Structure formats: C-alpha cells, structure tokens
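Following: one structure in structure tokens, then a few remarks.
Where a number appears in this text, it was derived from the coordinates with a stated rule and is not lab data. Keep in mind it's a predicted model, so treat the numbers as computed, not measured. Cβ atoms come from the backbone with ideal geometry, glycine included; neighbour counts cover every protein chain shown.
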Amino acid sequence: MAKFIRIDMGSRTAEIGACPEKYAGLAGRGLTSMFIADEVKPTCHPLGKYNKLVFAPGFLTGTSAVNSGRISCGAKSPLTGGIKESNSGGSFSQKMARLDIKAMVFEGLPADGKYAVVKVDKDGVTFDEAPAEIMGAGNYDAIRVLQDKYGPKVGVALIGPAGEMKLTAANISFADPEGNIRSAGRGGLGAVMGSKGIKAVVIDDAGASAVPIAKPEEFKSAAKRFANALTTHPVTGQGLPKYGTNVLVNILNEAGGLPTENFRRGRNEWANNIGGETMAATIEERGGKTTHGCHAGCVIRCSQHYVDKQGKYITSGFEYETIWALGADAAIDDLDAIAYADREFDEAGIDSIETSVAVAVAMDAGVIPWGDAKAALDLIKQIRQGTPLGRILGSGAAAVGQMYGLTRVPVVKNQAIPAYDPRAVKGVGLTYATTPMGADHTAGYAVATNILRVGGFVDPLGKEGQVELSRNLQIATAAVDSTGMCLFIAFAILDIPDGFNALVDMINARYDLSLTGDDVTALGKTILKAELDFNRRAGFTSAHDRLPEFFEEPCPPHNTVWDFTDEEIDSVLAF
Amino acid sequence: MHITVKCYATLQRFQPTGGEVFALREGGTVHDVVLALGIAPEDVAVIFVNGLHAPMDKALAEGDRLGLFPAVGGG
C-alpha cells in the first residue's frame, strides 16, 4: 500500500498513512500541484504556518525505466507568490519510490526556531538536531557530513546558507549518486524548507523491496522500446551526452536569441568561448568527465564534471542557462570564472538561473562593471556571508532591479527570464508570460520547435502558430513532469511516436491501467487548471501574464519586438 | 563571392582550417557549401543564414553568414 507521510515540524512528529484516494492516480508534479491547490491557503505567506512543502516521485520512478528518477517539489513560492513545482535529479526520488512513499508533506513551523535533520527509512521517520558543523556551511561539506553520519548511500535533500536565510532565490539541493549536487532550483523552495526548520532530509532505502510492477513482461518490453527512442534520437543519443545543455550557446547566438548585456541584443562576438564545444574540449583536455547522469538509470547523461587546469573538480550540472546568464547576459567571457560561480551557487544553495540574471541586473545598475568576473564572484560570495548586498542578490533579479531603480528587469511574476530572448524565440516568450510558474523555459519549451527543429517547426520570429505551440507544450510538460522522467526525453518522443507510446505503455504496465495518449493530455490539462486556479485564488489576474515593457524595444540582430496582443496571450491557456 | 561559414557541435571537424571565410561561385547554395566541406547533407539538421532558418537549397549572397548544426538540444 503506497504511503503518504505527513511530517509536522512544529511537534516533530510524523504520521504515516495510506495514500488518500484522490492522490492515488497522481504522481510527480500532478500530485504536488493538486495537493498544494487542495491544502495550501492561496493567500498565505509562503514562509508562514499555512504553507506546505511536498516531495513526490513520478509514476515511473524507482522502476528500471531509463531517466525516470526525477523528484518534484511543490509549495507556494516565496519568489512568485504563486504555486510552484520545481524538479530535480539526484538519488532521493528513487529511494522514496522504493520505500513506496507516494509523497512526503512538511507542515507547521518549528516551535523553537531550531533546525532539524529529518531521517526517513523503512521503519519510519525520526528527527535529529542538525549538526552544528553543517549550519551555515557549504552544501558539498554538508552532504559529506550527513553521508558520514547516516550512511554513504543515503539520499539527501538539503538547504544551504541561502535557505537558512530564507532568501527568495534559495533552492533545495539533492545529492547525486556521487555525492555531488543537483537542484530543485527555481522559485525559492529552499526558503520554504528553511522556514520549516528543516536543514536536511535524509532517506535510506536499505531493506526496501523492488518497486512492484503489475505486468512485468509488458513493462520490460515497453521500457526497451522507450530506451531505444532515447538512444537513437540524435539529440538525446549524441548531442546532449557529448556537449551537455551548453551546446545551445552557439545555436542561440546564430539565431539571434542569446540575450546579451541584460537583454540588449541577441548575439555577441564571444559566444563560442563559452559554448558547449569549447567546454567539452576544455574538459577533455584537462581530464574531467564530459558526460555523466544526474541519477542512476539516466542514459542521456547531459551532466559533466568541469575541472580546473590541474584536473580538480569544480562543478557538475554546469548548465546552459547558468553559463548563458553569466557568460552572455553578464558578459563574463570566461568559462572557468563561470564554473567557480556555479560552484558557489551550489555551495550557498541558490538558484543559479535567478542569481546569474540578478548579477547581470546588478551590472546594469552599475553595482559592478560589465563582464567583471572577479567582482561578480565576490558579489555572489556575499550571499553566503549574509551581507545586505548578498541578501539582495539572493532575493533575485526583481529585488536587485527594485533596489537600484531599474526598469530593465527581465522577470515575469518576479521570476527571472532565462536564456532565450522572447523577441527572437517568440513561442517561449508566450510560455514565460503565461505559465503559472513565473518565467520558466522548461514549462513549455517552444525553443525545440522554434530553433532546434525538433517536434516540427514554427518560425521563431513570427507570431503564427506560437499560441498553439506554447499551449500544447505546456500541457504535455505538465504530464511529463508527473512521470518522474527527465524533461529531455521530450526531444526523442516529440519526433519518435513509438517512444511516446512506450512511455504510456510503461505507466499502464506498472499500475495495470489502460491509459491512452488522450488521457495523458487530459492529465496535463487538469494539472495546469489546478495551478492556474491556485494562482487566481492567490490574487493573480491576466495582468500578471505580461512581459516587462522593455521588450517593446527592438532586439538586434533581427530587431524584432514582443508584439503579441493581450488577447493572444490570454488565449494560450484558455482551454 | 565570399561568405562566412561556421560549423558547430559534431560538424565542427568540417570547419575549414583556413578560418570562416569561404569562397563560393555566384549563386551557390547551402547544399554546395555543405558538399564542398565534406559534410553529409543528412547530418545537417539546422541551417541559419544571417540568423534566419534556411533550407538546404537556399541560394547564398556575398557576405552571408552561414551556420550549420547537427541535431542539438538542451534547456
């Protein structure tokens, strides 16, 4: 019987019950969002007593299905003020699934303001005081201390100093299979975890049995077809493993959609210095790892170990969006410097997208010079130090813009716009505007169709076809985010129909269901509707679904502008 | 005429050693450049000419900037 665990941080008690009927058919984002919509008071303070934090593995997590180990984290976001689902790799989710835990809910506030480590294993839930040595420490050391204490194989979810300070860009970090760091990055969920007095959650699946499969033979056959789609598609089979997500720098630069110097233009002259090709060559030359997976069973392996000139590890999960934000938007033409910044984001436990965009905004405000790598790293290190300026930076791009009186602040619903200029990649602009998550490329990745020519083609510079594209991708993404699958599987299943069918077949074989593709679409719609309804009850209107007005300025080299009408924008999620 | 050509990702190895400037007959197409560089046309998934998506049979003009990509993705 699947377990549903409610953990009250006020009394430090846990109630382990059967999964309520209404959540039995849900998982991942579907579960976290329906739960938040049901149980969290939409008008609550995100750091107050009415907010709840929920973790859920996906439908297929813990099985032998490749790439199924993602975890969804949900709460009301302190950054956006709306509903949030932020997902991550790492080993935590698979351990939850093997312990047959459908969801873990954290409620209440600590009576004494102290931080706890919550331990979950087959015998239940226990609470320890957080070791003094990890309070205020960097996340790498903290994971080491926790794995020394609780076992080298335990899954770890933790907050860093940024979460302890309850900064609105604080993330939740997850240990990967090697004890390095993956993050549920966006929306400040680390601050919610901090507000509940949770320094870390450790999970030990020792003694757990394998995830039950209703129809093992059918599952095995579908899993094989699914893996085949991922390994044969050139994006998931070749491009991502070889170059990582950072392969996008050069293609966005060619397309004129690589926002440079706080979104002043869409192309620069130094892009190749920070791109995936240069990064892979540098890693190879220095003896690092060009490819590894963020969770066991990943066959795409888009992550890497970026190392210094001596071959010593600096960071992993070194993603395009972070490299874009520091390398192009903040004009830091130096991959090593960006890698040290990425490491510091992980140590502090802060969203590398939000904070990197905030650095570019700080440069625009004249706080530090454009492109100054040393000044940027000093500024980022102030987050951990807790200086007033560090706290402002750690509160995100909008906070920095507000403190310095700027109007050129690239955010929607207070969340930083990532890596693709909405004037040159218009489909993703509609996603930024309308997703209930705040500006988030992953919520409906129209870049695939606008730029990469995956899943068809829609002209990035025109308006035609973009409304439907963003809508359909947002619906499909909400469903994929419920499976535990890495979103990058979409590159393969958008082009290979049997890959999509195999995904549905795996879910059916796991649970003895008979879902069809239409049911998957219906699920995506149900999730989005619940999220939109939560936001409406939290006070959001269509006025919040708008891009900042500076996007009316032409974006070189194409000199296109953001030109969707309010009616067109409002039609994206009108279904 | 001369154009600028940039080969990326797995096509990088076809980048002319002399640099990005490429001599081409008047009216030459993307396809002509791809063949001249020794790239199999089916390995080219995305073509940009002056930052705009272009088909393989697009005729090029003096000073055009051509970007050639295999299938790539990320996000």
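Data overview
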item: The stretch B:15-43 - residue that is in contact with a helix residue (DSSP H, G or I) (Cβ under 6 Å, 6 or more places away or on another chain) and surrounded by 15 or more Cβ atoms within 10 Å (Cβ to Cβ) and, of those, nearest to A:Val425 (Cα to Cα); result: B:Val34
item: Filter result (over 20 Å from A:Thr291 (Cα atoms) and facing chain B (nearest Cβ under 7 Å)) within the stretch A:211-251; result: A:Ile251
item: Answer from A:Ala448, A:Ala492, A:Ala443, A:Ala522 - the residue that is farther than 30 Å from A:Val411 by Cβ, without any contact (Cβ under 8 Å) to a residue 60 or more places away in the chain and either over 17 Å from the mean Cα position of the chain (by Cα) or within 14 Å of chain B (Cβ to nearest Cβ) (or both); result: A:Ala522
item: Subset of the stretch A:444-480 that is surrounded by 24 or more Cβ atoms within 10 Å (Cβ to Cβ) and of a type in the set (Gly, Ala, Ser) - its residue that is farthest from A:Phe534 (Cα to Cα); result: A:Ala448
item: Unmet requirement for A:Gly405, which otherwise passes all of (1) outside any helix (DSSP H, G or I); (2) more than 25 Å from A:Asn535 (Cβ to Cβ); (3) of a type outside the set (D, E, K, R); (4) touching a Phe, Trp or Tyr at 6+ places or on another chain (Cβ under 8 Å); result: (4)
item: Within the stretch A:284-313, considering residues that are in contact with a Leu (Cβ under 6 Å, 6 or more places away or on another chain) and within 14 Å of chain B (Cβ to nearest Cβ), the one farthest from A:Gly244 (Cα to Cα); result: A:Ile300
item: Qualifying positions in the stretch A:382-407 - among the hydrophobic types (A, V, I, L, M, F, W, C) and surrounded by 24 or more Cβ atoms within 10 Å (Cβ to Cβ); result: A:Ile383, A:Leu393, A:Ala397, A:Ala398, A:Val400
item: Evaluation of A:Gly297 against (1) touching a residue at least 40 places away in the same chain (Cβ under 8 Å); (2) surrounded by fewer than 21 Cβ atoms within 10 Å (Cβ to Cβ); (3) over 30 Å from A:Ala229 (Cα atoms) (one fails), failing number; result: (3)
item: Tally of residues being part of a loop (DSSP other than H, G, I, E, B) and either of a type in the set (Phe, Trp, Tyr) or closer than 15 Å to A:Arg453 by Cβ (or both) across the stretch B:31-45; result: 2
item: Of residues in the stretch B:41-75 being facing another protein chain (nearest Cβ under 9 Å) and free of Cβ contacts under 8 Å to residues at least 24 places away in the same chain, the one nearest to the chain's Cα centre (by Cα); result: B:Phe48
item: Conditions (1) on the phi < 0 side of the Ramachandran plot; (2) touching a Lys or Arg at 6+ places or on another chain (Cβ under 9 Å); (3) not charged (D, E, K, R): number failed by A:Gly179; result: (1)
item: Selection status of A:Lys84, crowded, with 24+ Cβ neighbours inside 10 Å and either in contact with a Leu (Cβ under 9 Å, 6 or more places away or on another chain) or aromatic (Phe, Trp, Tyr) (or both); result: yes
item: Filtered residues of the stretch A:1-31 (kept if part of a loop (DSSP other than H, G, I, E, B) and more than 25 Å from A:Leu109 (Cα to Cα)); result: A:Met1, A:Ala2, A:Gly25, A:Leu26, A:Ala27
item: Of all residues in the stretch A:314-337 being among the hydrophobic types (A, V, I, L, M, F, W, C), assigned to a loop (DSSP other than H, G, I, E, B) and in contact with a helix residue (DSSP H, G or I) (Cβ under 7 Å, 6 or more places away or on another chain), the one that is nearest to the other protein chains (Cβ to nearest Cβ); result: A:Phe318
item: Some residue of the stretch B:1-21 being acidic (Asp, Glu), within 14 Å of chain A (Cβ to nearest Cβ) and part of a helix (DSSP H, G or I); result: no
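Conditions (1) part of a helix (DSSP H, G or I); (2) surrounded by fewer than 20 Cβ atoms within 10 Å (Cβ to Cβ); (3) in contact (Cβ under 8 Å) with a residue 40 or more places away in the chain, marked per residue:
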site: A:Gly190; (1), (2), (3): yes, no, yes
site: A:Ala200; (1), (2), (3): no, no, yes
site: A:Ser209; (1), (2), (3): no, yes, yes
site: A:Ala229; (1), (2), (3): yes, no, yes
site: A:Glu254; (1), (2), (3): yes, no, no
site: A:Gly257; (1), (2), (3): no, no, yes
site: A:Glu269; (1), (2), (3): no, yes, no
site: A:Ala280; (1), (2), (3): yes, no, no
site: A:Glu285; (1), (2), (3): yes, yes, no
